[in-house]
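The values are calculated or read from the model by the stated rules, or taken from the named source; none is laboratory data. Model, not experiment: these values are computed from the prediction. For neighbour counting, all protein chains shown are included, and Cβ atoms are generated from backbone atoms with ideal geometry for every residue, glycine included.
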Amino acid sequence: MARFTILNLPTFTDPRGSLTVLEDSLPFKAVRTYWIYGADGQTRGGHRHTHTRQALVAISGTVSIFMNDGIRSDTVELNHPSQCLLIEPKDWHTMTFGPGSVLLVMSSHTYDRSEYIDTPYE
């Protein structure tokens with residue numbers, strides 16, 4: 001899994017529960033934030049970008065992300081809210097959702113359909 005970057009976000013735990021902090025953890029400024037839920041068993045994504053970087057956190061449940069950067073591919077399983085997967089523009093990705101999963105996505109750019117690349121690597 002060394003090919004793709006997972007950040008272990010700062011997490012503070014005491015008897016009252018856990019608090020995970022995203023502040024100053026991303027290598028880009030998040031200008032668009034959204035979450036995907038209600039997608040149990042579904043696969044979404046299936047693209048890469050020309051310039052947008054993304055950070056993904058499975059807030060709840062498990063999300064399996066297939067990644068391919070044109071050289072190597074791997075499947076990353078996000079299953080803890082303190083793990084954050086970085087997706088670079090060159091990274092083809094699909095996301096498969098486990099039961100009850102909620103995926104938080106932070107993007108470096110606003111939505112622009114024209115910068116999506118829908119053709120996977122051969």
Criterion (assigned to a loop (DSSP other than H, G, I, E, B) and either modelled with pLDDT under 95 or within 14 Å of the chain's Cα centre (by Cα) (or both)) met by exactly one of Pro81, Pro99: Pro81
Residue list for the stretch 31-69, filter: part of a strand (DSSP E or B), in contact with an Asp or Glu (Cβ under 9 Å, 6 or more places away or on another chain) and of a type in the set (D, E, K, R): Arg48
Filter result (within 14 Å of the chain's Cα centre (by Cα) and modelled with pLDDT under 95) within the stretch 6-24: Leu22
Number of positions in the stretch 5-20 that are part of a strand (DSSP E or B) and either under 24 Å from Tyr111 (Cβ atoms) or hydroxyl-bearing (Ser, Thr, Tyr) (or both): 5
Close pairs from the stretch 93-122: first on the phi > 0 side of the Ramachandran plot, partner assigned to a strand (DSSP E or B), Cβ under 9 Å, at least 6 apart: Gly100/Tyr37; Gly100/Ser60
Some residue of the stretch 21-28 being charged (D, E, K, R), over 25 Å from Tyr121 (Cα atoms) and part of a loop (DSSP other than H, G, I, E, B): yes
Residue count, the stretch 102-122 (criterion: at pLDDT 95 or above and either of a type in the set (A, V, I, L, M) or farther than 14 Å from Gly46 by Cβ (or both)): 14
